[in-house]
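Trainee: Here it is: the structure, laid out below.
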Amino acid sequence: MTTATQKLVTAEEFFRMPNPSDGSLQELVRGALITMPPPGARHSACCSRINRRLATFVEDNDRGTVFANDTGFITERDPDTVRGPDVSFWSREKLPDVPVGYIEVAPDLVVEVVSPGDHYARIQKKVKHYLEKGVRLIWVEDPEDCSVTIYRNGETMRILSENETLTGEDVLPGFTCRVRDLFA
């Protein structure tokens, strides 16, 4: 019996691929394409809100660059992995210029917004992967219960409710936002 071997895709090949015609999103995980359905309206509204707040703060304070829309960064090579957080921030020190292709260094901050179809295990796996690859601060926004879970390497996760204030900590000193203001 013969088994077909799937050809592993490189980050460079993945970058040149056309967007799926059905509007789905893709990530590259250890050379294999992972397809996800497009997010719903509430997910997109939450992404837009946090992106707008972060980008305004970062630009007003000349701190670096904020990206949205699942901007890819390479987390592994041979086989390649390209992850696309919902929103991400790179300090000017880590990313002095915006490249044409995928970014080769981990962001300082990643924001993931939970979609109705997301599974807790999948989100936790992504968070663990981000931390292992050098992301300093991760916010997981959950529109269902209006909370933000904060992850940092070597620290216990913290959950902020809608009445609490989210801060940029040492990654984005001076950034603050009421949690409830992030949700549509």
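Trainee: I'd like to know if region 92-101 contains one or more residues that are closer than 14 Å to residue 71 by Cβ, not polar (S, T, N, Q) and not in a loop (DSSP other than H, G, I, E, B).
Mentor: So far as region 92-101 goes, no, none of its residues is closer than 14 Å to residue 71 by Cβ, not polar (S, T, N, Q) and not in a loop (DSSP other than H, G, I, E, B).
Trainee: Inspect region 71-80 for any residue being small (Gly, Ala, Ser), more than 24 Å from residue 180 (Cβ to Cβ) and in contact with a helix residue (DSSP H, G or I) (Cβ under 6 Å, 6 or more places away or on another chain) and give the result as yes or no.
Mentor: Within region 71-80, not a single residue is small (Gly, Ala, Ser), more than 24 Å from residue 180 (Cβ to Cβ) and in contact with a helix residue (DSSP H, G or I) (Cβ under 6 Å, 6 or more places away or on another chain).
Trainee: Continuing with this model, one more query. Quick check on residue 151: is it among the aromatic types (Phe, Trp, Tyr), at pLDDT below 95 and within 25 Å of residue 34 (Cβ to Cβ)?
Mentor: Considered against the rule, which asks whether it is among the aromatic types (Phe, Trp, Tyr), at pLDDT below 95 and within 25 Å of residue 34 (Cβ to Cβ), residue 151 comes out as no.
Let's see how each residue does on (1) touching a residue at least 12 places away in the same chain (Cβ under 8 Å); (2) under 22 Å from residue 142 (Cα atoms):
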| position | (1), (2) |
| --- | --- |
| 11 | yes, no |
| 15 | yes, no |
| 18 | no, no |
| 29 | yes, no |
| 32 | yes, no |
| 36 | yes, yes |
| 43 | yes, yes |
| 48 | yes, yes |
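Trainee: I need the full set of residues from region 2-14 which are surrounded by fewer than 15 Cβ atoms within 10 Å (Cβ to Cβ) and either within 19 Å of the chain's Cα centre (by Cα) or at pLDDT below 80 (or both), in order please.
Mentor: Within region 2-14, 2, 3, 4, 5, 6 meet the criteria.
Trainee: If you don't mind, another one. Limited to region 152-184, what total is found for residues that are at positive phi and surrounded by 11 or more Cβ atoms within 10 Å (Cβ to Cβ)?
Mentor: 1
Trainee: Moving on. With the structure loaded, tell me whether residue 75 is free of Cβ contacts under 8 Å to residues at least 60 places away in the same chain, in contact with a Ser or Thr (Cβ under 8 Å, 6 or more places away or on another chain), of a type in the set (Val, Ile, Thr) and within 18 Å of residue 24 (Cα to Cα) or whether it fails that test.
Mentor: no
Trainee: Identify the single condition in (1) over 18 Å from residue 81 (Cα atoms); (2) not in a helix (DSSP H, G or I) that residue 121 does not satisfy, given that it satisfies every other one.
Mentor: (2)
Trainee: Do any strands (runs of 3 or more DSSP E) entirely within region 126-184 hold 1 or more residues that are charged (D, E, K, R) and under 20 Å from residue 52 (Cβ atoms), and if so, which?
Mentor: 137-142, 176-178
Trainee: Next question. For region 92-108, state whether one or more residues are among the acidic types (Asp, Glu) and crowded, with 20+ Cβ neighbours inside 10 Å.
Mentor: Scanning region 92-108, I find at least one residue that is among the acidic types (Asp, Glu) and crowded, with 20+ Cβ neighbours inside 10 Å, so the answer is yes.
Trainee: Counting just the residues of region 89-127 that are in contact with a strand residue (DSSP E or B) (Cβ under 9 Å, 6 or more places away or on another chain) and charged (D, E, K, R), which one comes out modelled with the lowest pLDDT?
Mentor: Of everything passing the filter in region 89-127, 118 is modelled with the lowest pLDDT.
The values are calculated or read from the model by the stated rules, or taken from the named source; none is laboratory data. It should be emphasised that the depicted structure is a prediction, and the values quoted were computed from it without experimental measurement. Glycine also receives a Cβ, built like all others from the backbone with ideal geometry; neighbour counts cover every protein chain displayed.
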